[in-house]
Amino acid sequence: MRYKMIDLFAGCGGLEDGFLQSGRYEDVAAVEWLQPQVKTLINRLKTKWGMSDADERVMCFDIQREEELFGGWRDDSISPTSEILPNGKKSRYKTGPYGDGKGLDFFVNRAGGIDVIIGGPPCQAYSVAGRVRDENGMKDDYRNYLFEHYLNVVDRYKPKVFVFENVPGLLSAMPDGTPISDLIRQGFARIGYEIVDDIKKYAKINASDFGVPQHRERLIILGIRKEICDTPQMWLHHFYLDILTKYKVTKKRTVGDAIGDLPPIYPIINENTSPKRVGYTKPECKTTWHTARHHSLRDVEIYGMLAEDISSGRNEYTDSAALSELYEKRVGGKSPIHRYHVLREDEPSTTIISHLDRDGNRFIHYDSKQSRDITPREAARIQSFDDDFDFIGTQTDTYIMIGNAVPPLLAKCVGLAVAELLDELVVMKK
């Protein structure tokens, strides 16, 4: 049996792709408001999953405009108003509807209902790092409350279960003094859903435990509609302790496992090399996005030195104090955190983040001869994207999409576990 699903805050489709890889789900519709992500998801659904009407099913629309989201719209593609984004800033991406503006109601009615809603609001407002960088601790960020729109979609279509993915920082976020996790629990309880009684104990997982070559802690919050079972907490504990754990791996995959077979890319340094813009060789590679961005000669030298320090076993720059001192000496500025990190070939990567769009100082390739940060394709592999998953947009767009995505392999494991739980609930109801 295949279960019908909607994907909210879909991004480029990492979560959705994993659920589809499980073979247990039928895609009904997806909602995302940034065009590079939407174009990428549409392309994936068409080329990989054969969905010829993906242009209609994937809605490039602001989930906050609920009446139009449900019922449909016919306006042209628009940019967001200043009220939508924090601090009066406008997005550099265009957003707005694609296709002929059919709303979610149309697709849900055509499908005959929804079994599962998946997705997670943008995590920047909940992340600890985001709160540290923001002068108001992200308290004024509109994204703190986007979960309310997720909740309203769940309330409208009454799926059997939902999967709400986010960062562990959500557990400590409380922009108005009330923990966001309490607001989420209370909100879903009001509309007839129950989530696990101890989110930190049960719902906090590490993607590396499920075969993703990356330490990436996330919350996978499963919600069950109370009407479909008598003891939701028992079933929720069963999901986390008995079902999901079956998909853990016995041996974790490493960075070398993920990217070691990709062709090397070397800096091009000669008498004509500009100290501010060093180019790299372009390898013959069938997969897309395995190209290195330019670096300054200073960064090329630092990257090579730090990678060689580890491969040689000297390990002079493996603690934060030494790295901060190096940054101050070579760059001429101070930083409260160390700016450099070399990925270890024989370990899972650190968490891939969207900051890669600005610099890759914390994602330096372990091969000192290559003296560079990781390419978009290497980042995608560490996120467990298949090589045939293409990204539509600029290199900046691509780094952002990859860094913000749910690893498809983790999503596949979660999708299989959710389907198994639903199978048991269906049998139980009979």
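The set of residues in the range 300-317 that are in contact with a strand residue (DSSP E or B) (Cβ under 8 Å, 6 or more places away or on another chain) and of a type in the set (Phe, Trp, Tyr) contains only TYR303. Can you confirm whether the range 330-337 contains a residue that is in contact (Cβ under 8 Å) with a residue 12 or more places away in the chain, out of contact with any Pro (no Cβ under 8 Å at 6 or more places or on another chain), buried (at least 16 other Cβ atoms within 10 Å of the Cβ) and not aliphatic (A, V, I, L, M)? No, there is no match, as no residue in the range 330-337 is in contact (Cβ under 8 Å) with a residue 12 or more places away in the chain, out of contact with any Pro (no Cβ under 8 Å at 6 or more places or on another chain), buried (at least 16 other Cβ atoms within 10 Å of the Cβ) and not aliphatic (A, V, I, L, M). Note on the range 18-38: among residues that are closer than 21 Å to PHE106 by Cα and not β-branched (Val, Ile, Thr), the one that is surrounded by the most Cβ atoms within 10 Å (Cβ to Cβ) is ALA30.
All of CYS229, CYS285 fail the test of being modelled with pLDDT under 95, in the same structural domain as LYS200 (by TED's automatic domain parsing) and either touching a helix residue (DSSP H, G or I) at 6+ places or on another chain (Cβ under 9 Å) or among the polar types (S, T, N, Q) (or both), apart from CYS229. Could you check the range 396-412 and list, in sequence order, the residues that are surrounded by 24 or more Cβ atoms within 10 Å (Cβ to Cβ) and within 17 Å of LYS4 (Cα to Cα)? If the condition is that a residue be surrounded by 24 or more Cβ atoms within 10 Å (Cβ to Cβ) and within 17 Å of LYS4 (Cα to Cα), then ALA411 is the only one that fits. Restricting the range 287-310 to residues that are in contact (Cβ under 8 Å) with a residue 60 or more places away in the chain and in a loop (DSSP other than H, G, I, E, B) leaves a set whose member that is surrounded by the most Cβ atoms within 10 Å (Cβ to Cβ) is ALA292. When you check ASP390 against the structure, is it out of contact with any strand residue (DSSP E or B) (no Cβ under 8 Å at 6 or more places or on another chain), farther than 24 Å from ASP209 by Cα and not assigned by TED's automatic domain parsing to the domain that holds ARG277, yes or no? So ASP390 fits the description; yes.
Taken over the range 39-53, the criterion of being of a type outside the set (Asp, Glu) and either at pLDDT below 95 or surrounded by fewer than 21 Cβ atoms within 10 Å (Cβ to Cβ) (or both) is satisfied by LYS39, ASN43, LYS46, THR47, LYS48, TRP49, GLY50, MET51, SER52. With respect to the stated conditions, ALA419 fails to be free of Cβ contacts under 8 Å to residues at least 60 places away in the same chain, in a helix (DSSP H, G or I) and in contact with a Ser or Thr (Cβ under 9 Å, 6 or more places away or on another chain).
The values are calculated or read from the model by the stated rules, or taken from the named source; none is laboratory data. For clarity, every value in this text was computed on a predicted model and none was experimentally measured. Ideal geometry is used to build each Cβ from the backbone, glycine not excepted, and the neighbour counts take in all protein chains shown.
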